[in-house]
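These notes concern the structure reproduced below.
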Amino acid sequence: MRGATILGTGRALPPRVVTNAELTALMDTSEEWIVQRTGIRERRFVDPGTGASDLGAEAARVAIERAGLTPKEIQFLVFATLSPDLFFPGCGVLVQEKLGMDTIGALDVRTQCTGFLYALSVAEAYVKAGFYDHVLVIGAEVQSTGLELSTAGRDVSVIFGDGGGAVVVGPSEPGKGILSSHLHSEGKHARELMVEAPASIEHPRISKQMIDDRRHLGFMNGRSVFNHAVRRFPEVIHEALAGNGLSVSDLSVVIPHQANLRITQAVAKSLGVPPEKVFSNIEKYGNTTAASVPIALDECVEEGIIREGDLVCLAAFGSGFTWASSLIRW
Ligand code: COA
């Protein structure tokens, strides 16, 4: 079987920077609390009228160009987001239209923080199987329109930000590019990190009462998320290495989902790698959910942190709970 590799990367961040000081003016929090607990100093929020599909399309344009391709040469696309422009249809079809692509298949993935890695595994499988030659993979989020910017929502709202990232996956020689993907879920924790409404289980699925009860806003059991994340990240990275007969010392860089700086630091410690081998940019963007891994990957490529021949591990953990890794020989 042929290999599958990343041919180009791109990212899109809205220009509007929102500092911790700005949030401090809106709720009972402090610069110190946010930085100490999360490592975040600022994040980006979109201006009204920009959706996840816009950030995704912008990042995709860059990734396609860097792959040396045009949108017409993309044969399939996968879009991961928990914040779609519409309840349905998903963002995939919106990107197909925005980029003027042919009437290709457009698949939406909704595994939240691990969405990009699930989406990447779909592209990997299609390309390795020879089904498609060029698959676009996008992770993009507009979190800001779903945040409660007041003291009642402070535990969630200081963490999240908006952004988009994309890659193009294409064929490679075997043993080069994406070596393997490892995907997991444990649905008994579904309600530990969720947005409940609109909910098809309710009649009607959204009501004024539900809004008054704040059921349309994010709920997070922060402690539970933290405790599971620090266990699952190292576990799924070890799984990827073992599956390829490699070890931690072979790793050039780990790019984890940017959940929280303390989680990233705990992952580095647990793996026994120096902190600088575990990439972090959370201080600039906050947690951008499905967008965080492709944004970080694009920055690593641009800054020369990843070079040809490097062994790169992408890893994520989040709502579901879901967790995943992807091991790449660059
Ligand atoms: N500013 C100030 N105080 C805040 C706050 C904020 N933005 N948010 C919550 N608090 C308060 C709480 O009300 C609580 O107060 P109380 O003790 O009087 O009840 C206290 O801070 C909670 O403190 P603590 O329990 O020490 O928080 P923590 O150390 O567990 O940190 C998180 C909270 C959310 C930062 C932490 O649990 C975490 O990182 N979880 C993982 C979150 C994550 O990564 N989510 C994304 C998943 S992909």
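The values are calculated or read from the model by the stated rules, or taken from the named source; none is laboratory data. Note that the structure is predicted; figures quoted are calculated from it, not measured. FYI the Cβ positions are ideal-geometry reconstructions off the backbone, even for glycines, and counts take in every protein chain you see. Please note that ligands, DNA and RNA were not included when accessible areas were found on the heavy atoms of the full protein model with its side chains. Shrake-Rupley method; radii C 1.70, N 1.55, O 1.52, S 1.80 Å.
Measuring nothing but protein heavy atoms, the accessible surface of the chain at 1.4 Å probe radius is 52 percent carbon and sulfur. For segment 3-175, what is the accessible area per residue in Å² when the probe is 1.4 Å? So segment 3-175 comes to 40 Å² accessible per residue, rounded to a whole number. The amide H of L69, built 1.01 Å from its N in the peptide plane, has no neighbour under 5 Å, considering only residues 5 or more places off or on other chains.
With a cut-off of 8 Å between alpha carbons and a minimum separation of six or more residues, what is the relative contact order of segment 114-196 in percent? Spell out each step's value before the answer.
Working: 72 pairs, mean separation 26.4, N = 83.
Computed value for segment 114-196: 32 percent relative contact order.
With a threshold of 29 Å on the Cα-Cα distance, the over-threshold entries among K98/K128; K72/K128; K128/K188 are K128/K188.
Evaluated at 4 °C with a viscosity of 1.567 mPa s, what Stokes-Einstein diffusion coefficient in µm²/s does segment 178-329 have when Rh comes from the Kirkwood expression over alpha-carbon pairs? Let's see the in-between values first.
On the way: Rh = 16.6 Å.
Answer from the Stokes-Einstein relation: 78 µm²/s.
Tell me, in nm to one decimal, what length is gained between E308 and K188 on full extension, where the rule is 0.36 nm per residue of separation less the Cα-Cα distance? Each step should come with its number before you reach the end.
Values: separation 120, 0.36 × 120 = 43.20 nm, distance 4.05 nm.
Result for the pair: 39.1 nm of gain on full extension.
Helical content of the chain, expressed as a calculated mean residue ellipticity at 222 nm, amounts to -9500 deg cm²/dmol (DSSP H runs of 4 or more residues, -39,500 (n - 2.57) each, divided by residue number, nearest 500). Geometric descriptor of segment 106-227, per residue, is 149 Å³ (volume of the convex hull of the Cα atoms).
Can you tell me the relative contact order of segment 3-175? Whole percent, Cα pairs under 8 Å, sequence separation 6 or more. Intermediate results must be reported in sequence, preceding the final value.
Values: 389 pairs, mean separation 62.0, N = 173.
In percent, rounded to a whole number, it is 36.
Between A21 and A152, the simple label model (points 7 Å from Cα in the Cβ direction) yields a spacing of 2.9 nm.
With a simple spin-label model that places each label point 7 Å from the Cα along the Cα-to-Cβ direction, the separation between D85 and R223 comes to 4.2 nm. Ranking F279, L297, A259 by how far each Cα lies toward the positive end of the dipole of segment 255-330 (charges on Cβ) leaves A259 at the top. The accessible area of E235, taken with all protein chains in place and a 1.4 Å probe, comes to roughly 80 Å².
Annotation: aspartates and glutamates with alpha-carbon distance below 13 angstrom to K176 (same-chain offsets under eight excluded): E124, E308, D310.
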